[in-house]
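Bear in mind these aren't lab numbers, they're just calculated from the coordinates by the rules spelled out. In this text the structure is predicted, and so the values were computed from the model without any measurement. As a convention, Cβ positions derive from the backbone with ideal geometry for all residues, glycine included, and neighbour counts pool all protein chains shown.
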Amino acid sequence: MLEQVIGILSKWTIPFLVLFIPTFAYFKGVKVYEEFIEGAEEGFKIAIKLIPYLVAMLVAIGIFRNSGAMNIMVGALSPVIKLFGIPGEILPLAIMRPLSGGGALGIATELINTFGPDSLIGRMASTMQGSSDTTFFVLTVYFGSVGISRYRHALWVGLIADFTSFVASVYIVNKMFG
């Protein structure tokens, strides 16, 4: 029953929002098309400023993965997470997700292709991919593009949020499908 409700909600949420937001704005007197064009123009300017930060971040991620540092980290942490009943196969995704959305998507795709989309690991990967963010990417690219150099507590808050989404993904998927 709950799976059917989730299926229906997930199928209709995006189309509802795509229709509701512009309709609501129109009735509020907002010039929807003009605002869209203005936002697109501003977005293009920001995208140009992001390129150097994006290149630096992608190089750092490439070094992390290709140097074997991620494999070392996975090897060290696997015995610990298995004590809590967490499948070790999901750990590379948990490590990569705060670093790179593209890298994490590649790992999630590999997990889903290997274990299947309806497997426990496939569902954990999907839930984790959808409920967490790329903390280092956000800090590097977005904060850097607007000139914020002192992150204060943003890094730790982001990493705590990533850890929380990892634990919640494992817990919820185990409760619903385990």
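A few remarks follow.
- Under 30 Å from LYS82, Cα to Cα: lysines that are on another chain or at least 8 residues apart: LYS175
- Fraction of C-alpha pairs exceeding 26 angstrom in the chain: 46 percent, rounded to a whole number.
- Binning all Cα-Cα separations of segment 36-127 at 5 Å, short to long from zero, yields these whole-percent fractions: 2, 13, 17, 18, 16, 11, 9, 7, 5, 2, 0.
- Helix runs (DSSP H) in the chain reaching 15 Å along axis by Cα, Kyte-Doolittle at least 1.0: 2-27, 69-82, 154-177
- Value of relative contact order over segment 49-177, rounded to a whole percent, pairs C-alpha under 8 Å and six or more apart: 28 percent
- Sorting 45-57, 164-176 by their mean Cβ neighbour count within 10 Å, with the most densely packed peptide first, gives 164-176, 45-57.
- For peptides 24-34, 95-105, 135-145, 73-83, sequence by mean Cβ density within 10 Å, most packed first: 95-105, 135-145, 73-83, 24-34
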